[in-house]
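Written out below as structure tokens is the structure these notes cover.
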Amino acid sequence: MTLAARAHAHLSESALHGNLTHLSRRAGVPLLLPVKANAYGHGLREVVTLAARHPDVWGLAVATPREAAQVAAQVAALDTGRPVLLLTPPTPTEVPLLADLGVRLPVASLAEADALPAHARAHLKVDTGMNRLGARPEEAVRVGTRLAERGQLEGAYTHFATADEPDLSFAHEQLRLFQTVLNALPATPQPLLAHAANGGGILSFGALPGMRLARPGLASYGFAPTHLRDVLPLRPVMTLTAQVTHLHTAHAGETVSYNGLWRAQQDTRIATVGIGYADGYPRNATGRAQVLIAGQRRPVLGRICMDQLMVDVTGLPVQVGDPVTIWNDHDLTVTDVAAWGDTIEYEVLTGLGDRIERRVAP
Ligand SMILES: *Cc1c(COP(=O)(O)O)cnc(C)c1O
């Protein structure tokens, strides 16, 4: 006997691979693919398996030491292994553990450089204006020089704060500062792996002089900022479906769901669907949300619940167990759901819960 999940994330290998190919070509360099936050909600294990097969993926970038250890263990078992870079500072006790796993570590101070185990490889983190992490340019040169003397400087990176906006003047300034740092660093035995562009940066700038990797996150999963939508033919990787768990009729005058926000004007056939805000469907989309069911776009009725939502299926041939498309790659996308929920694709995708079963399709 198997107990099935009520909602499924279907991942398209061809969409992911197509996106990675387009992004790498446009950047002119291989990719350091961000798989933080459960691969933007797509499923860490599934995405790492798919990404490690792609010739343009140099390595994988994660946000936390636990993610780093998980991905490092997974890629170590693949015959297509890839380097893993941790993007945020580990604690002193985590450094040797991560270094033993081969994880590339971010370094932003002389103290961090001096505390590295001899076999650790470092990526110098430069703060060029994001003001989140990294060494300021002048200090970065000193730290990078120390890392180079120790033979541990593999890469250097910075992060754009505004590369997804139409006005690129601040991003240009960040890039100029970063290139100043790169030019001041001593030569390394292997060419230094410099990287700056996130997805917005690749779409906005294309190839950047002096860069040897790029880090497209959301764009790899198929989404671009509105004004950059026509730059590359990116395709959403995930289709999300849920199941009809119950059907009934609400009579004219009755209300549906918590707080009675929606009232039936006439008898209404209602499908109850097994997905809710605990799975990551935005509760804020209440009153605006739609789904695709039996080939039609239908409204979600009343308050979105923790585990369920209700859909008007009057006149449709729907049965218990039927699939409901929560979003797909073309006519009802994560972008729509994010707009209904007053949020962004990043937040909707990374909020997807572990009750959703991830499935890979060709
Ligand atoms: C998350 C992240 C990225 C990817 O950003 P996108 O906007 O998803 O392309 C790149 N670099 C760093 C340092 C990040 O934290």
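The values are calculated or read from the model by the stated rules, or taken from the named source; none is laboratory data. All values derive from a computational prediction rather than experimental measurement. Glycine also receives a Cβ, built like all others from the backbone with ideal geometry; neighbour counts cover every protein chain displayed. Remember, those area values only see protein heavy atoms, side chains included, never the ligands or the DNA or RNA. Shrake-Rupley method; radii C 1.70, N 1.55, O 1.52, S 1.80 Å.
Do we have any residue at all in the range 311-327 that's over 28 Å from Ala15 (Cα atoms) and either assigned to a strand (DSSP E or B) or of a type in the set (Lys, Arg) (or both)? Yes.
None of Arg215, Arg229 is among the basic types (Lys, Arg) and crowded, with 22+ Cβ neighbours inside 10 Å except Arg215. Of Thr158, Thr145, all but one fail to be under 30 Å from Leu97 (Cβ atoms), of a type in the set (Val, Ile, Thr) and open to solvent by less than 10 Å² (accessible area, probe 1.4 Å); the exception is Thr158. Has the range 263-271 got at least one residue that is touching a Gly at 6+ places or on another chain (Cβ under 8 Å) and either among the aromatic types (Phe, Trp, Tyr) or over 26 Å from Ala4 (Cβ atoms) (or both)? The answer is yes, given that some residue of the range 263-271 is touching a Gly at 6+ places or on another chain (Cβ under 8 Å) and either among the aromatic types (Phe, Trp, Tyr) or over 26 Å from Ala4 (Cβ atoms) (or both). Of everything listed in (1) among the charged types (D, E, K, R); (2) without any contact (Cβ under 8 Å) to a residue 60 or more places away in the chain; (3) out of contact with any strand residue (DSSP E or B) (no Cβ under 7 Å at 6 or more places or on another chain), the single unmet condition for Lys125 is (3).
Let me spell it out: the conditions are (1) surrounded by 15 or more Cβ atoms within 10 Å (Cβ to Cβ); (2) on the phi > 0 side of the Ramachandran plot, and Gly276 meets all of them except one. Which number is the exception? Here Gly276 meets the rest and fails (2). In the range 181-194, the residues that are in contact (Cβ under 8 Å) with a residue 40 or more places away in the chain reach residues that are open to solvent by less than 50 Å² (accessible area, probe 1.4 Å) and of a type in the set (D, E, K, R) with C-beta atoms within less than 7 angstrom, at least six apart or across chains, in these pairs: Leu193/Glu154. When every residue of the range 158-165 is checked against the conditions, none turns out to be in contact with a Ser or Thr (Cβ under 9 Å, 6 or more places away or on another chain), at pLDDT 95 or above, more than 14 Å from the ligand (Cβ to nearest atom) and not β-branched (Val, Ile, Thr).
Of the residues making up the range 309-362, those that are closer than 13 Å to Phe223 by Cβ, open to solvent by less than 20 Å² (accessible area, probe 1.4 Å) and within 16 Å of the ligand (Cβ to nearest atom) number 4. Annotation: of all residues in the range 182-207 being more than 16 Å from the ligand (Cβ to nearest atom) and buried (at least 17 other Cβ atoms within 10 Å of the Cβ), the one that is farthest from Leu124 (Cα to Cα) is Thr188.
Condition check: more than 26 Å from Ser109 (Cβ to Cβ) and either within 11 Å of the ligand (Cβ to nearest atom) or touching a Ser or Thr at 6+ places or on another chain (Cβ under 9 Å) (or both). Does Pro216 satisfy that? Yes.
Every condition in (1) away from the ligand (no atom under 16 Å from the Cβ); (2) of a type in the set (Lys, Arg); (3) exposed (fewer than 14 other Cβ atoms within 10 Å of the Cβ) is met by Arg269 except one, and the failing one is (3). Counting only helices (runs of 4 or more DSSP H) that sit completely within the range 1-77, those holding 1 or more residues that are farther than 17 Å from Gly200 by Cα, more than 16 Å from the ligand (Cβ to nearest atom) and not assigned by TED's automatic domain parsing to the domain that holds Thr245 correspond to 13-27, 44-51, 65-76. Only one of Arg176, Arg263 is more than 30 Å from Val300 (Cβ to Cβ), without any contact (Cβ under 8 Å) to a residue 60 or more places away in the chain and out of contact with any Pro (no Cβ under 9 Å at 6 or more places or on another chain). Can you tell me which? Going through Arg176, Arg263 in turn, just one is more than 30 Å from Val300 (Cβ to Cβ), without any contact (Cβ under 8 Å) to a residue 60 or more places away in the chain and out of contact with any Pro (no Cβ under 9 Å at 6 or more places or on another chain): Arg176.
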